[in-house]
Each structure stands twice: as C-alpha cells, then as structure tokens.
Amino acid sequence: YVYSPRVTGGHPIHLNSSGFREREFPPACPPGETRILCLGNSTTFGTGVAGEDTYPKQLERLLRAQGRDEAFVMNVGGQANTVEIVKQFLVGAGLGYGPRAIIIGVNTFAACFE
C-alpha cells in the first residue's frame, strides 16, 4: 500500500512508544540538549514522505550542519490534528518536554464538491 496506518507515500511509519514519528526520548530535557518542539498535523507528521525527510528532521540536519550538535528537533505532529488538539497537547504535555522553541504548523484543506 502507498498509504495505510503503517505506510505513508510508500514509506514505513515508525512511531516511538509515545506515538510520535520520532526516536525514543526522555520526557525531561537532558543537560546540554536544545529541544525544538514541532507540533501540527499531517504537514509536520510528514504524510507522504520518509521520516528523515519531514521538515523537523530537515531542520535538525540544518542546525547540526551549522555546528548545533545539541539540537533535537522533535516531531510530535499527528495526522488530522486540529488547532485545538495541538493547543491541548502543548499545554498538557508539550511544555513538559522542555522545548527552547516551539514551531506550530497546522494547515487546513477546504474542498468544494458538486
């Protein structure tokens, strides 16, 4: 399948134990790590692309190429997340991860069918 609960755009979806398309990480930010929390819906999650090609991982690679080896850009986006879901996550658990910066990317799609 090109798209299924386990595949997106032909790429396997690997989720960590928290359900994020991200490697395992401790809830508390370790000393010396700079966390950037990326929240959103399918654009952040990376629907249709490989995990390493999501914008959070591209940003992490860019920062590390500039010598910011302590940067950990966290992809906690979810498919079909709404602004309300993102807000609830941010105030409920997201801030507890100790992010230095937060990026919120929620796109909307409107269609008209006749």
Quiz item: Residues in the stretch 28-52 that are in contact with a strand residue (DSSP E or B) (Cβ under 8 Å, 6 or more places away or on another chain) and open to solvent by 60 Å² or more (accessible area, probe 1.4 Å): how many?
Solution: 1
Quiz prompt | Odd one out for Lys57, checked against (1) in contact (Cβ under 8 Å) with a residue 24 or more places away in the chain; (2) touching a strand residue (DSSP E or B) at 6+ places or on another chain (Cβ under 9 Å); (3) over 19 Å from Pro5 (Cβ atoms) | solution = (1)
Self-check item: Qualifying residue in the stretch 75-86 (condition: among the hydroxyl-bearing types (Ser, Thr, Tyr) and modelled with pLDDT of 95 or more)
Solution: no
Quiz item: With respect to the numbered conditions (1) within 17 Å of Gly94 (Cβ to Cβ); (2) modelled with pLDDT of 95 or more; (3) of a type outside the set (Val, Ile, Thr), which one is the sole condition not fulfilled by Tyr55?
Solution: (1)
Quiz prompt | Top-ranked residue in the stretch 73-96 [being open to solvent by 70 Å² or more (accessible area, probe 1.4 Å) and of a type in the set (S, T, N, Q); ranked as farthest from Gly19 (Cα to Cα)] | solution = Gln88
Quiz item: Would you pick out the residues in the stretch 44-54 that are among the β-branched types (Val, Ile, Thr) and under 9 Å from the mean Cα position of the chain (by Cα)?
Solution: Thr44, Thr54
Quiz prompt | Test result for Leu62, assigned to a helix (DSSP H, G or I), among the hydrophobic types (A, V, I, L, M, F, W, C), open to solvent by 90 Å² or more (accessible area, probe 1.4 Å) and within 22 Å of His14 (Cβ to Cβ) | solution = yes
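The values are calculated or read from the model by the stated rules, or taken from the named source; none is laboratory data. As the structure is a computational prediction, the values presented were derived from the model and not from experiment. Cβ sites come from the backbone with ideal geometry, for glycine too, and all protein chains shown count toward neighbours. Only protein heavy atoms, including side chains, enter the accessible area calculation; ligands, DNA and RNA are left aside. Shrake-Rupley method; radii C 1.70, N 1.55, O 1.52, S 1.80 Å.
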